[in-house]
1. If I ask for residues that are under 23 Å from L332 (Cα atoms) and open to solvent by less than 100 Å² (accessible area, probe 1.4 Å), which ones from region 125-137 would you list?
2. Applying the selection to region 146-165, what residues are assigned to a helix (DSSP H, G or I), open to solvent by less than 100 Å² (accessible area, probe 1.4 Å) and either under 16 Å from T90 (Cα atoms) or touching a Leu at 6+ places or on another chain (Cβ under 7 Å) (or both)?
3. Within region 197-217, how many residues turn out to be farther than 19 Å from L68 by Cα and touching a residue at least 12 places away in the same chain (Cβ under 8 Å)?
4. Which residue out of L318, L266 is modelled with pLDDT under 70 and open to solvent by 70 Å² or more (accessible area, probe 1.4 Å)?
5. Among the residues of region 213-225, is there at least one that is of a type in the set (V, I, T), open to solvent by less than 70 Å² (accessible area, probe 1.4 Å) and assigned to a helix (DSSP H, G or I)?
6. Here are some conditions: (1) out of contact with any Ser or Thr (no Cβ under 9 Å at 6 or more places or on another chain); (2) open to solvent by 100 Å² or more (accessible area, probe 1.4 Å). R385 meets all but one. Which one does it not meet?
7. Looking for whichever is at pLDDT 85 or above and among the polar types (S, T, N, Q) here; the options are S298, S260, S307, S244. Which one fits?
8. Being under 26 Å from G224 (Cα atoms), open to solvent by 60 Å² or more (accessible area, probe 1.4 Å) and part of a loop (DSSP other than H, G, I, E, B) is the filter here, so list the residues in region 7-57 that pass it.
Amino acid sequence: SLDFWRLLYALLKQIHGGKWTESDAIDNQIRFVKSALWYHGYGRPELYQLPSDGSAGSRELLLAFSWLLHRISLLEQLLARNRVKTGDETSVCTCEDDVPNSQKSTTEIAPEYGLEDRIDVRYLQWLNGRLRFQWRSLHAQHQEQCKLLHKIHLFTSGSHMDQMVGHFSVTETDLVRQPENYRQLLQLLESETMQLEAFLEWKQLEPVYWQWMETVLDNMAEEGNVCESQDAHLEKSWLPKATSCCPWADSLTGQIDRLSRDLMTLRDQLHKLVTHRKAAWCEKVKTREEELQKEGFSATARKIQESVELKLLDLTNLCAPRKNKMHGSCRLVFRGKHPASKMGFYRSVSKEPLSAVSATEVIRELQMREASLERELKQLQEECRQRLDEIAEGLDGVICISP
């Protein structure tokens, strides 16, 4: 189990972009693994109850590891992060973020890693200001990086053998200036090739692994049923002693049985009544439909059905991901010849021209998303302001002045 904790710590640290060392204390590693699993929505409480010294829980860790493989595509993310980037790539995402469904349930699983019940508001304001400052610094650094990339792409335009790219990347420019660095790049490419070969081997053996995990789950379910039956047997064994010590327990048990029978009878009667009324209502609707059919009921119903289908189609288009929504890593390609788009994005997995999208299109999508988020923020602020006004009205002798 101790080795399993360290393995999950190393993998999850890479996923979250942090540096890890083997010298980190084991309790810190376990705390980070639990926090990361809680962040991803892992909802099994037995894992969070494991001791912080790593002395137990190998099967629970195996189950969590399998959940990560299936839920967040752990191996694919590791390959994507450790990939050797020979081109100038950027991460583009115009999709809307989805809130995990298990967010509410996970707050009760690991409360020791969340915020405390009572926190000073000034501390939250300080954290918010620090976050805004770091965000501005990151944005300024990203703008400076884009300016430098633009210079490299502009000065090396027409030098690349690939006509779709047409210019050198930062890595290729560095190799041109310092050819002796190609050995290090070659070693990185060989390491990536070994990882890809290992991943292909894993994909061939993956069905065997999941079959084995099914047996592990079955064994855990059987053990859980045995524990429940033992607990139930202990409870039943204590019941005669309780009734012998408490004479009123027999009468109370009889009242509970009578109440249960009355509730079952009432449920059956309600079910019969609902069925009867539903049948009567269907008969009335059928009769009314026959009466209105002579008055053009079919034409009216057809128009209503068409309008409903149009609304459902609009709703489907809103809910379904659009084709122009981009998500993932794309390669930056300079397009100086076309005045409409000076900088473009190309999918790193494909080199077809159809997969290209201009930077102006991405900026337009992000601006629309920004406007939507601003409207949502204003709505939430107004709701909070109304809530605060309601609270302030209930306070005696307090005057609240809005900023």
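The values are calculated or read from the model by the stated rules, or taken from the named source; none is laboratory data. Being a predicted model, the structure only gives us computed values, none of them experimental. Cβ: placed from backbone, ideal geometry, glycine included. Neighbour counts: every protein chain shown. To get the accessible areas, we keep the full protein, side chains included, count just its heavy atoms, and leave off ligands, DNA and RNA. Shrake-Rupley method; radii C 1.70, N 1.55, O 1.52, S 1.80 Å.
1. S137
2. Initially, region 146-165 is screened for residues assigned to a helix (DSSP H, G or I), giving 146-155.
If we keep only those that are open to solvent by less than 100 Å² (accessible area, probe 1.4 Å) too, we end up with 146, 148-150, 152-154.
Of everything in region 146-165, those that are assigned to a helix (DSSP H, G or I), open to solvent by less than 100 Å² (accessible area, probe 1.4 Å) and either under 16 Å from T90 (Cα atoms) or touching a Leu at 6+ places or on another chain (Cβ under 7 Å) (or both) turn out to be C146, L148, L149, H150, I152, H153.
3. 0
4. On the way: L266 fails: modelled with pLDDT under 70.
After applying the criteria, what remains is L318.
5. Going through region 213-225, the residues of a type in the set (V, I, T) turn out to be 215-216.
Imposing the further condition that a residue be open to solvent by less than 70 Å² (accessible area, probe 1.4 Å) reduces the set to 215-216.
Checking which are assigned to a helix (DSSP H, G or I) leaves us with 215-216.
Yes.
6. (1)
7. Details: S298 fails: at pLDDT 85 or above; S307 fails: at pLDDT 85 or above; S244 fails: at pLDDT 85 or above.
After applying the criteria, what remains is S260.
8. Of everything in region 7-57, those that are under 26 Å from G224 (Cα atoms), open to solvent by 60 Å² or more (accessible area, probe 1.4 Å) and part of a loop (DSSP other than H, G, I, E, B) turn out to be R44, Q49, S52, D53, S55.
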